[in-house]
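Please read the structure below before turning to the comments.
The values are calculated or read from the model by the stated rules, or taken from the named source; none is laboratory data. All values derive from a computational prediction rather than experimental measurement. Quick reminder, even Gly has a Cβ in these numbers, built from the backbone with ideal geometry, and neighbours come from all protein chains shown.
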Ligand SMILES: Nc1nc2c(ncn2[C@@H]2O[C@H](COP(=O)(O)OP(=O)(O)OP(=O)(O)O)[C@@H](O)[C@H]2O)c(=O)[nH]1
Ligand SMILES: [Mg+2]
């Protein structure tokens, strides 16, 4: 049994940077534009001998209407409710803002225990903000620099009380089917590993209904949907079970024609979609049946078609658009 740590705070304080640092991989999109992250996502973290699940969330805004920001906030609240402990992150260089105070008050009254983290403390400019953060009433701030990896030891120490006691964890024993008494050449072919999830990438143009499809399959509002095109940013992988088989469904950012993509954040999101296509066992291309099949549908179909085969692949491609004759090649994709 592990425990779950959720990262919350107003936009642009460095939640995704810390998430990537703790996960040890550049999974989440990071940019200096506020509001980059839209959906929450989790990853395993192993830091300083501590193992836990870390959850990145959308930046908190003080709105409760039907706006995108309010819907993002509800997503974040979903993630917060599922966590064992929350790290409330502030940008020490920017100082404490009214929004920080507002959410600190809410979090203090909530059920999830909260630790205060002062990020961006690698320089002297962060000192006033760091001292100011004591006012939030969330205890001593843990100073760190997510970008430079400073302060991680203090963070791990603060998280230790939330880790389950040793022995609570179950070690998963896995039989790989290898019998050492049989000569290597005579080993039976390993059976298809049905315990391994099949990775399904859900791809397509913006606004064709990819996220709605994922939510329908799961039967819950796991990812944000709505009329706004380009809603999904980070590709979100979710475990799903159907007829005793395990799947990893991955919702991805919609891909517009490359010539139309000039914003950096959209470029990052599309690069993430292409990465997911390369990793997937099955690519589901979603098209809008009410619209004419677009050249871009075909281009995305070809991106799925062109990726190289992976062990465990059952089919090279699902959802058409790829021209015949374009078999598995270098894994290059274009969109
Ligand atoms: N100087 C400094 N900059 C940082 C640090 N951590 C993150 N940043 C920068 O702050 C900006 C925002 O970082 P993100 O990780 O995207 O912030 P976020 O809180 O996830 O933002 P939203 O998803 O928009 O809510 C980026 O330009 C990062 O490079 C840090 O420790 N020091
Ligand atoms: Mg973010």
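Taken as a whole, the range 49-65 holds at least one residue that is under 27 Å from residue 126 (Cβ atoms), more than 13 Å from ligand 1 (Cβ to nearest atom) and crowded, with 20+ Cβ neighbours inside 10 Å. Of the residues in the range 130-137, not one is surrounded by 16 or more Cβ atoms within 10 Å (Cβ to Cβ) and either within 16 Å of ligand 2 (Cβ to nearest atom) or at pLDDT below 95 (or both).
Residue 67 meets the conditions (1) closer than 29 Å to residue 231 by Cα; (2) at pLDDT 95 or above in every case but one. The failed one is (2). Restricting attention to the range 112-126 and to residues that are surrounded by 21 or more Cβ atoms within 10 Å (Cβ to Cβ) and within 8 Å of ligand 1 (Cβ to nearest atom), the residue that is farthest from residue 77 (Cα to Cα) turns out to be 121. Against the condition over 13 Å from residue 2 (Cβ atoms) and touching a strand residue (DSSP E or B) at 6+ places or on another chain (Cβ under 7 Å), how does residue 68 come out, does it pass? Criteria not met by residue 68.
Just the residues that are without any contact (Cβ under 8 Å) to a residue 60 or more places away in the chain and either part of a loop (DSSP other than H, G, I, E, B) or within 17 Å of residue 68 (Cα to Cα) (or both), please, taken from the range 230-254. 230, 235, 243, 244, 252, 253, 254 - these are the residues of the range 230-254 that are without any contact (Cβ under 8 Å) to a residue 60 or more places away in the chain and either part of a loop (DSSP other than H, G, I, E, B) or within 17 Å of residue 68 (Cα to Cα) (or both). Quick check: anything in the range 144-152 more than 18 Å from residue 20 (Cβ to Cβ), assigned by TED's automatic domain parsing to the domain that holds residue 60 and away from ligand 2 (no atom under 16 Å from the Cβ)? No, there is no match, as no residue in the range 144-152 is more than 18 Å from residue 20 (Cβ to Cβ), assigned by TED's automatic domain parsing to the domain that holds residue 60 and away from ligand 2 (no atom under 16 Å from the Cβ). Out of 167, 185, one residue alone is in a helix (DSSP H, G or I), modelled with pLDDT under 90 and exposed (fewer than 12 other Cβ atoms within 10 Å of the Cβ). It is 185.
Yes/no matrix, rows are residues, columns are (1) within 16 Å of the chain's Cα centre (by Cα); (2) farther than 30 Å from residue 33 by Cα:
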site	(1), (2)
237	yes, no
243	no, yes
261	no, no
268	yes, no
289	no, yes
292	no, yes
298	no, yes
302	no, yes
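Any residue at all in the range 82-96 that is touching a residue at least 12 places away in the same chain (Cβ under 8 Å) and under 17 Å from residue 232 (Cα atoms)? Checked against the condition, which is being touching a residue at least 12 places away in the same chain (Cβ under 8 Å) and under 17 Å from residue 232 (Cα atoms), the range 82-96 yields no hits at all.
Specify the residue that is farthest from ligand 1 (Cβ to nearest atom); the eligible residues are those in the range 15-36 that are under 20 Å from residue 263 (Cα atoms) and touching a strand residue (DSSP E or B) at 6+ places or on another chain (Cβ under 6 Å). Residue satisfying both the conditions and the ranking: 27. Of all residues assigned to the range 287-295, none qualifies as being under 25 Å from residue 31 (Cβ atoms) and in contact (Cβ under 8 Å) with a residue 24 or more places away in the chain.
Candidates 54, 63, 5: the one that is free of Cβ contacts under 8 Å to residues at least 40 places away in the same chain and within 22 Å of residue 107 (Cα to Cα) is 63.
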